[in-house]
Amino acid sequence: MGMFDAARIREDFPILAQTVNGRPLVYLDNAATTQKPRQVIDALVRYYETTNANIHRGIHTLAQQATEQYEAVRGKVAAHIGAGRPEEIVFTRNATESINLVARAWADMHVGEGDEVVLTLMEHHSNIVPWQLLARRKGAVLRYVGLTPGGEVDLDHLRELVGPRTKLVSVVHASNVLGTINPVADIAAIAHSAGALVLADGAQSAPHLPVDVAALGVDFFALSSHKMLGPTGVGVLWARHSLLEEMDPFLGGGEMISLVRQEHSTWADVPHKFEAGTPNIADVIAFGAAIDYLGGLGMANVREHEKAITAYAMDTLLRIPGVSLHGPMDVEHRGGAVSFAVDGVHPHDMSTIADGHGVAIRAGHHCAQLLMRRLQVSATNRASFYVYNLPEEVDALVESIEHARRVFADGDS
Amino acid sequence: MAIAEPQFDDLYREIILDHAKKPRNRGELPDATQRAEGLNPVCGDEIAIDLRVDGGQIADIRFRGQGCSISQSSVSMLSEQVKGRSTADAHAISGQFKAMLTESVAPGPDLGDLEALEGVAKFPVRVKCALLGVKVLEDALAQAGSPAKE
């Protein structure tokens, strides 16, 4: 894999050096959360040991330093996703909160009774429930785009569904279950032709592939720090500056105001209008270190590494009798989340046996119950890869699957 | 580097695998007097139990469901254990089973094959799988006196 040396990268991740159940930890649950490099952990410790202060209001030296470090991360995130201006980056708690922010601060102003929000059947609950709550508040209607048998969004169905009442099309950029990388630019063009705006849930794309929100043509983009080497508790909403300007605040409190009078207040400028209260300063700053780390690797290289290990995993898993895969087979159209079924072995049993081998995979509905119904399963197994995963770790997963098949074999084991 | 294969004998005992592969008392009771169903939303395990209770005795029991080997073997063994017993006995079995899994109490005298699930207590994330069946059974028992619902 050329310059990209996953074995070298692993040395930056202290947690990966441990054993679990007497075996080397094989961490294949990266779609749930990723591990953190020492650079991120150090940034967190350094902030608390040298800089800790509240931001934006203090005149003293530490407050200035903390403010500068916190604000500098906006620029790093903007550059990472091709945003035009750092002020277009709003810090939230997670991608879920970013989507809720849009559902409240934008949709409450623009979506009325009978208006439509279009989603797909492969959405994470975080991109379903905020819109159900909106629909309840406003009498809006939710429409769901179906999937092709290959596990991709049915664009013909999308064209049928989008119409004059469509106010927003909100889609996942990369599926956490199927791995599918959706053609967001095409989806955005279809939505815009009907006058609707587009939100892309980038929780599973921003960590794994080069993202350029301008090229994608979306209006809103959500991502989550902890799925891209950063700390938990930090999410990002990107939106075009003009949209952020016209939107109402999300939460009210300190930081987000300009003037406060007894009956009313005026709002701070974008993006501070959306960041009420003391933000997660330390974790935002450490998230900056995560983006630096990914920048050092190069997102195009990250993508190539994941394509290679995903192709190896799919190829190897399919050689095991009784194993089947969900989602697109072509790695050009998918990311590194690989859902699979093992005939005769329920995913929970598979996950328990994998854990005995030190292999961390996910079993369950992956917060995508609509997709589980579409696939006609109650749960899947999921292995998901990242920058530090090695082909040998796929082999360890395979060994655990073969073991599970023996335990659950009919007749003699 | 040869590491011994991890052992799951405590969890996946032969009797458990046997019930998981060949569940007993699976199906429906058209003449059920009491019914209940339950779901573990975290993992999607589902169990529905039909009872025919006659004069305080569980004359017959059937269950339907889908899920992992622990949830499905647990309800299969439970169905064998309570069939033909009084509802009071069923409550006692349920109580002993829960105590074994959640309070590390030694298996009670009325558990029969259910005793094989004692090892599940060492896998805390799987305990809820083992308990789904007794939860649904208790719900079904609580339906006493009211007509069976679809």
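The values are calculated or read from the model by the stated rules, or taken from the named source; none is laboratory data. Given the structure is predicted, the values throughout are model-derived calculations rather than measurements. Cβ coordinates were reconstructed from backbone atoms using ideal geometry, including for glycine residues, and neighbour counts include every protein chain displayed.
If the condition is being among the polar types (S, T, N, Q) and within 14 Å of chain A (Cβ to nearest Cβ), then region B:15-49 contributes only B:Asn40. When A:Leu155 is tested against (1) hydrophobic (A, V, I, L, M, F, W, C); (2) over 25 Å from A:Val377 (Cα atoms); (3) more than 18 Å from the chain's Cα centre (by Cα), exactly one condition is not met: (2). Going through (1) under 15 Å from B:Val53 (Cα atoms); (2) part of a loop (DSSP other than H, G, I, E, B); (3) among the aliphatic types (A, V, I, L, M) one by one, B:Ala106 falls short only on (1).
Among the residues examined, A:Ala83 does not qualify as assigned to a helix (DSSP H, G or I) and within 20 Å of A:Val211 (Cα to Cα). Checking each residue in region A:376-401 for being within 14 Å of another protein chain (Cβ to nearest Cβ), out of contact with any Asp or Glu (no Cβ under 9 Å at 6 or more places or on another chain) and of a type outside the set (A, V, I, L, M) picks out A:Gln376, A:Thr380, A:Asn381, A:Glu392, A:Asp395.
To keep it simple, each residue is scored yes or no on (1) within 22 Å of the chain's Cα centre (by Cα); (2) buried (at least 24 other Cβ atoms within 10 Å of the Cβ); (3) within 11 Å of chain B (Cβ to nearest Cβ); (4) not in a loop (DSSP other than H, G, I, E, B).
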residue: A:Ala341; (1), (2), (3), (4): no, no, no, yes
residue: A:Ala363; (1), (2), (3), (4): yes, no, yes, yes
residue: A:Cys367; (1), (2), (3), (4): yes, no, yes, no
residue: A:Arg374; (1), (2), (3), (4): yes, no, no, yes
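If you go through region A:46-60 and keep only what is part of a helix (DSSP H, G or I) and surrounded by 17 or more Cβ atoms within 10 Å (Cβ to Cβ), you end up with A:Tyr47, A:Thr51.
Scanning region A:15-31 for residues that are within 25 Å of the chain's Cα centre (by Cα), of a type outside the set (D, E, K, R) and either over 18 Å from A:Leu294 (Cβ atoms) or modelled with pLDDT under 95 (or both) returns A:Leu25, A:Val26, A:Leu28. Scanning region B:63-96 for residues being outside any helix (DSSP H, G or I) and within 14 Å of chain A (Cβ to nearest Cβ) gives a total of 5. Comparison of A:Ala31, A:Ala43, A:Ala7, A:Ala63 shows that the only residue that is buried (at least 18 other Cβ atoms within 10 Å of the Cβ), in a helix (DSSP H, G or I) and away from chain B (no Cβ under 14 Å) is A:Ala43.
When B:Glu37 is tested against (1) more than 17 Å from B:Leu131 (Cα to Cα); (2) touching a helix residue (DSSP H, G or I) at 6+ places or on another chain (Cβ under 7 Å), exactly one condition is not met: (1).
Of everything listed in (1) touching a Ser or Thr at 6+ places or on another chain (Cβ under 8 Å); (2) free of Cβ contacts under 8 Å to residues at least 24 places away in the same chain; (3) within 11 Å of another protein chain (Cβ to nearest Cβ), the single unmet condition for B:Arg52 is (3).
Looking only at region B:112-141, filter to residues that are surrounded by fewer than 20 Cβ atoms within 10 Å (Cβ to Cβ) and aliphatic (A, V, I, L, M); which one of those is farthest from B:Gly44 (Cα to Cα)? Among them, the one singled out is B:Ala121. Could you please find all residues in region B:1-14 being touching a residue at least 12 places away in the same chain (Cβ under 8 Å) and either within 17 Å of A:His346 (Cα to Cα) or within 8 Å of chain A (Cβ to nearest Cβ) (or both)? Scanning region B:1-14 gives B:Leu11, B:Tyr12, B:Arg13.
For region A:343-361, which residues satisfy the criterion of being at the interface with another protein chain (Cβ under 9 Å from one of its Cβ atoms) and part of a loop (DSSP other than H, G, I, E, B)? If the condition is that a residue be at the interface with another protein chain (Cβ under 9 Å from one of its Cβ atoms) and part of a loop (DSSP other than H, G, I, E, B), then A:Gly344, A:His346, A:His357, A:Gly358 are the ones that fit.
Taking the criterion of being free of Cβ contacts under 8 Å to residues at least 60 places away in the same chain, assigned to a loop (DSSP other than H, G, I, E, B) and surrounded by fewer than 16 Cβ atoms within 10 Å (Cβ to Cβ), the residues of region B:15-42 that qualify are B:Lys22, B:Gly27, B:Glu28, B:Pro30, B:Asp31, B:Pro41.
For region A:129-140, a residue qualifies if it is in contact with a strand residue (DSSP E or B) (Cβ under 9 Å, 6 or more places away or on another chain) and over 20 Å from A:Gln369 (Cβ atoms), and exactly one does: A:Ala140. Pairs meeting the criteria (first residue in region B:103-118 and under 16 Å from B:Val82 (Cβ atoms), second residue of a type in the set (Ser, Thr, Tyr), beta carbons under 7 Å, at least 6 apart or on different chains) are B:Leu117/B:Ser74. Only one entry in A:Ala308, A:Ala337 is buried (at least 19 other Cβ atoms within 10 Å of the Cβ) and modelled with pLDDT of 95 or more, namely A:Ala337. Within region A:265-278, residues that are among the aliphatic types (A, V, I, L, M) reach partners that are assigned to a loop (DSSP other than H, G, I, E, B) with beta carbons closer than 6 Å, at six or more positions or on different chains, in the pairs A:Ala268/A:Met256; A:Ala276/A:Leu251; A:Ala276/A:Gly252; A:Ala276/A:Gly253; A:Ala276/A:Glu255; A:Ala276/A:Met256. Scanning region A:291-301 turns up no residue that is within 12 Å of chain B (Cβ to nearest Cβ) and among the β-branched types (Val, Ile, Thr).
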